[in-house]
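Participant: One structure is given below, represented as structure tokens, and several questions about it will come after.
The values are calculated or read from the model by the stated rules, or taken from the named source; none is laboratory data. All figures in this text were calculated on a predicted structure; none of them were measured in a lab. Cβ placement follows ideal geometry from the backbone for every residue including glycine, while neighbour counts extend to all protein chains displayed.
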Amino acid sequence: MAADTASPVIDVLTTVGSLFIDGKWVRPSSSAREPVVDATTGEELFSVALANAEDMSRAISAARVAFDAGPWPRMTALERAGVLRRIALGIRERAEDLSQLWPRESGVLYSDAKSATAEYADAWTYYADLAETFAFEEPRSPTAGGSFGLLVREPVGVVGAIAAWNGPLAQITYKVAPALLAGCTVVLKPAPQASGEAHVFGQILEGVGLPPGVVNIVPADREVSELLVSDPRVDKITFTGSTAVGRRIATICGDRIARFTLELGGKSAAVVLDDADLTTTARALTAGGCFNTGQVCSSLTRIVVSRRRHDALVDALADAYSSIRLGDPFDPQSQMGPLAGPHQRERVESFIASGREQGARLATGGGRPAHVRAGAYIEPTVFADVDNSMRIAREEIFGPVVSVIPATDDRDAVAIANDTPYGLNASVFTTDVGRAYDVGRQLRSGTVGHNAFRTDFGIAFGGFKQSGVGREGGVEGLLPFLETKTMIFDDPPPLAHGS
């Protein structure tokens, strides 16, 4: 039985006509709105208020005052952790609302949204727990005079957090939670077309005891979002999105020497060694490749395999991909939902056409499913005999489309895997963990998995090359929100333990 697709979740979004600034929902300065379209039906769910330049400036001012004069940065990390725990509790209490919104805004399966929402609540608890173990102050032995040294990690300041549309709550969590633990204040700019989760998050914040101005939520178009990036009152930008936009943000931040973390695109490779079981490998690649309808920056979209096993792996992948059940993401029988909308399907279809034109062999998929009439559905697609120079092997597609690329041997496979401007994720398929380690160490990628699509925000997530700058998740995801200060004293001072 399908989940209730007529859920009252939309009824609780009473704030979509407002912006969350300085601790309260306020009327925007203009009447500009952005429609949020249901990926499963193509119909408008609601429209969200957009911030203009005046609204963005108000939000930045609120965050600046909260950092410069408010209590939040001056509280101990343990005190801030108490608020993070209340936010985690709020996410758990609103889990159904959040889990209902994500499938509608991007097409992810409801079952995946439900399990992921619980994980994101746990991540808020993780950062709260980190307050008890992370060394915000560390004694060090001076080497150039003085008798006592201290390495202090302090909040970087006002953070502009810009989230993409494909995983809103995940990006809110791994940007805002460590920023708040560090003592920063935040201006959160969610993607307007997927801003429902950000509104639920704002509603949660109203009841957790967060001082005014510490978190501000302002959906905005690209022009107004750029004002957040360029404003000198903002000390750091953390961004998830395309490499092209990330490049623009880096340029603006570089001009004023602002700090930035960029989580960008990927064209990740799975290297399939000659001892890997192809049926098991194909199933693992299909499960990972169809999550969120392939709208995942770290998805393994290039499958590199020896030439002699190429056709057998293509057959196994085609069999696995063609058996995926497309349908309503709220139906427990569905294994893949729609793309986020017609615009995204048109983009994916343009890549499929390009693959055909450039000579790749279409092994399965490539079209719109005949049995689904509403929603931006696309068939899971496998291309064979792909050359790594083809467009489908070079550019991020953001859909359930994979390319199988033949290699002559392990060395050639590694070279092909590394022959990309990206370096976000990778995996090695082999029964020999030693070979997995040896090949994995040669791959220029922020994450390397073994026998599956794997990423782990509990350790660290981020990319080499044009896949980004910095890391999110774990302790590594806290460090970008901290500045390091060296203090040298004649005598040991009283230390503010737990600060």
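Participant: Taking the residues in the stretch 198-215 that are of a type in the set (Val, Ile, Thr) and either within 24 Å of the chain's Cα centre (by Cα) or more than 14 Å from Leu89 (Cα to Cα) (or both) as candidates, determine which candidate is surrounded by the fewest Cβ atoms within 10 Å (Cβ to Cβ).
Facilitator: Ile204
Participant: Inspect the stretch 205-217 for any residue being in a helix (DSSP H, G or I) and touching a Ser or Thr at 6+ places or on another chain (Cβ under 9 Å) and give the result as yes or no.
Facilitator: For the stretch 205-217, residues in a helix (DSSP H, G or I) and touching a Ser or Thr at 6+ places or on another chain (Cβ under 9 Å): absent.
Participant: Counting just the residues of the stretch 150-197 that are among the charged types (D, E, K, R) and buried (at least 24 other Cβ atoms within 10 Å of the Cβ), which one comes out nearest to the chain's Cα centre (by Cα)?
Facilitator: Of everything passing the filter in the stretch 150-197, Lys175 is nearest to the chain's Cα centre (by Cα).
Participant: Just one of Asp419, Asp432, Asp410 is of a type in the set (D, E, K, R), touching a Leu at 6+ places or on another chain (Cβ under 7 Å) and assigned by TED's automatic domain parsing to the domain that holds Gly341; which is it?
Facilitator: Exactly one residue qualifies, and that residue is Asp410.
Participant: Quick check on the stretch 125-134. Is at least one of its residues under 15 Å from Gly458 (Cα atoms) and surrounded by 23 or more Cβ atoms within 10 Å (Cβ to Cβ)?
Facilitator: Within the stretch 125-134, one or more residues are under 15 Å from Gly458 (Cα atoms) and surrounded by 23 or more Cβ atoms within 10 Å (Cβ to Cβ).
Participant: Also, I was wondering about something else. Go through the stretch 307-332 and report how many residues are farther than 17 Å from Ala270 by Cβ and hydroxyl-bearing (Ser, Thr, Tyr).
Facilitator: Qualifying residue count for the region: 2.
Participant: Which one is surrounded by the most Cβ atoms within 10 Å (Cβ to Cβ) among residues in the stretch 289-299 that are out of contact with any strand residue (DSSP E or B) (no Cβ under 6 Å at 6 or more places or on another chain) and among the small types (Gly, Ala, Ser)?
Facilitator: Ser299
Participant: Could you tell me whether any residue of the stretch 218-228 is surrounded by fewer than 16 Cβ atoms within 10 Å (Cβ to Cβ), in contact (Cβ under 8 Å) with a residue 60 or more places away in the chain and either in a loop (DSSP other than H, G, I, E, B) or of a type in the set (Phe, Trp, Tyr) (or both)?
Facilitator: Yes, the stretch 218-228 contains a residue that is surrounded by fewer than 16 Cβ atoms within 10 Å (Cβ to Cβ), in contact (Cβ under 8 Å) with a residue 60 or more places away in the chain and either in a loop (DSSP other than H, G, I, E, B) or of a type in the set (Phe, Trp, Tyr) (or both).
Participant: Sort out for me the helices (runs of 4 or more DSSP H) sitting completely within the stretch 240-323 that have 2 or more residues that are assigned by TED's automatic domain parsing to the domain that holds Arg347 and under 21 Å from the mean Cα position of the chain (by Cα).
Facilitator: In the stretch 240-323, 278-289 are the helices (runs of 4 or more DSSP H) which contain 2 or more residues that are assigned by TED's automatic domain parsing to the domain that holds Arg347 and under 21 Å from the mean Cα position of the chain (by Cα).
Participant: Related question: Looking at this structure, is Gly337 surrounded by 15 or more Cβ atoms within 10 Å (Cβ to Cβ), of a type outside the set (A, V, I, L, M), touching a residue at least 60 places away in the same chain (Cβ under 8 Å) and in contact with a helix residue (DSSP H, G or I) (Cβ under 7 Å, 6 or more places away or on another chain)?
Facilitator: Yes: the conditions hold for Gly337.
Participant: Moving on to the next point. When you check Val36 against the structure, is it under 17 Å from Glu197 (Cα atoms) and either assigned to a helix (DSSP H, G or I) or in the same structural domain as Ala118 (by TED's automatic domain parsing) (or both), yes or no?
Facilitator: yes
Participant: Being buried (at least 17 other Cβ atoms within 10 Å of the Cβ), within 24 Å of the chain's Cα centre (by Cα), without any contact (Cβ under 8 Å) to a residue 40 or more places away in the chain and on the phi < 0 side of the Ramachandran plot: is that true of Ser99 here?
Facilitator: Against the criterion (buried (at least 17 other Cβ atoms within 10 Å of the Cβ), within 24 Å of the chain's Cα centre (by Cα), without any contact (Cβ under 8 Å) to a residue 40 or more places away in the chain and on the phi < 0 side of the Ramachandran plot), Ser99 qualifies.
Participant: I'd like to verify a number: residues in the stretch 456-481 that are under 13 Å from the mean Cα position of the chain (by Cα) and surrounded by 22 or more Cβ atoms within 10 Å (Cβ to Cβ), how many?
Facilitator: 9
Participant: Those residues that are among the small types (Gly, Ala, Ser), out of contact with any helix residue (DSSP H, G or I) (no Cβ under 8 Å at 6 or more places or on another chain) and part of a loop (DSSP other than H, G, I, E, B), I need them from the stretch 368-393; list them, please.
Facilitator: Ala370, Ala374, Gly375, Ser389
Participant: Could you please find all residues in the stretch 324-356 being of a type in the set (D, E, K, R) and outside any loop (DSSP other than H, G, I, E, B)?
Facilitator: Selection gives Arg345, Glu346, Arg347, Glu349, Arg356.
Participant: Moving on to the next point. Can you find a residue that is outside any helix (DSSP H, G or I), free of Cβ contacts under 8 Å to residues at least 40 places away in the same chain, touching a Lys or Arg at 6+ places or on another chain (Cβ under 9 Å) and surrounded by fewer than 24 Cβ atoms within 10 Å (Cβ to Cβ) anywhere in the stretch 395-404?
Facilitator: no
Participant: Which of (1) in contact (Cβ under 8 Å) with a residue 40 or more places away in the chain; (2) under 23 Å from Thr455 (Cα atoms) does Arg283 not meet, given it meets every other one?
Facilitator: Unmet for Arg283, out of (1) in contact (Cβ under 8 Å) with a residue 40 or more places away in the chain; (2) under 23 Å from Thr455 (Cα atoms): (1).
Participant: Right, another one. Do you know which residues across the stretch 436-459 are closer than 19 Å to Asp409 by Cα and small (Gly, Ala, Ser)?
Facilitator: Across the stretch 436-459, the qualifying residues are Ala436, Gly440.
Participant: Here is a further query. Are there any pairs, at least 6 apart or on different chains, whose C-beta atoms fall under 9 Å, with the first in the stretch 29-44 and at positive phi and the second exposed (fewer than 14 other Cβ atoms within 10 Å of the Cβ) and assigned to a loop (DSSP other than H, G, I, E, B), and if so, which?
Facilitator: Going by the 9 Å Cβ cut-off, the qualifying pairs are Gly42/Ala374.
Participant: Mind counting the residues in the stretch 118-153 that are within 26 Å of Val83 (Cβ to Cβ), of a type outside the set (A, V, I, L, M) and in contact with a Phe, Trp or Tyr (Cβ under 8 Å, 6 or more places away or on another chain)?
Facilitator: Residues flagged as within 26 Å of Val83 (Cβ to Cβ), of a type outside the set (A, V, I, L, M) and in contact with a Phe, Trp or Tyr (Cβ under 8 Å, 6 or more places away or on another chain) within the stretch 118-153 amount to 1.
Participant: Here is a further query. Among the residues of the stretch 353-379, how many are touching a residue at least 60 places away in the same chain (Cβ under 8 Å) and surrounded by 15 or more Cβ atoms within 10 Å (Cβ to Cβ)?
Facilitator: 3
Participant: Would you list the strands (runs of 3 or more DSSP E) that sit entirely within the stretch 61-175 and hold 1 or more residues that are of a type in the set (A, V, I, L, M, F, W, C)?
Facilitator: 148-155, 158-162
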